[in-house]
Amino acid sequence: MTSRPTAEQRLRHLAQLRRVRDRIDREYAQPLDIEALARGVHMSAGHLSREFRIAYGESPYSYLMTRRIERAMALLRRGDLSVTEVCFAVGCSSLGTFSTRFTELVGVPPSAYRREAAGGLAEMPSCVARQVTRPIRNREAPAASRT
């Protein structure tokens, strides 16, 4: 028979999840996997994944990929790196996976985003550009823009 966690236990648990999220935010370009993240907070990989999804609405892997895509968008807007260079700079090891995930979240392939961003966002302040171009999670990009 298991008992319900106390308020103190729940807060400690949320702090552990926040540490995982903060680590992903800091180390997004490093090779991170769920097992390493779970070891860092003394949880099993399955438990961490379930609890992270409950707390933040997505899996740790999905959150990591979203962070990587956000950073990739910023690098592509600069225009001085190729799509392949950006892919590896943000910690992705597969150009195909990077391009697929980028297209799912942003709605256009990275090469098209790089071309469009070079002209349209040039005069926009970077703080506004980040907000306007923030990737959409959970495959919510409009279907019409995925073509």
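Given +1 on the Cβ of Lys and Arg, -1 on the Cβ of Asp and Glu, and no further charges, what dipole in debye does the range 1-94 carry about its Cα centre, rounded to the nearest 20? Spell out each step's value before the answer.
Working: 16 positive and 11 negative charges, 69 e Å.
Computed about the Cα centre, the dipole is about 340 debye.
Take the Cα pairs of the range 1-77, get the Kirkwood Rh, then feed it into Stokes-Einstein at 37 °C and 0.692 mPa s and tell me D in µm²/s. Before the final figure, lay out the partial values.
Values: Rh = 13.3 Å.
For the chosen part, D equals 247 µm²/s.
Per residue, how much accessible surface does the range 20-110 expose to a 1.4 Å probe? Answer in Å², no decimals.
Working: 4170 Å² over 91 residues.
Per residue, the range 20-110 has 46 Å² of solvent-accessible surface.
The values are calculated or read from the model by the stated rules, or taken from the named source; none is laboratory data. Keep in mind that this is a model prediction, so the values were computed, not measured. Cβ: placed from backbone, ideal geometry, glycine included. Neighbour counts: every protein chain shown. Note: areas computed on protein heavy atoms with side chains; ligands, DNA, RNA excluded. Shrake-Rupley method; radii C 1.70, N 1.55, O 1.52, S 1.80 Å.
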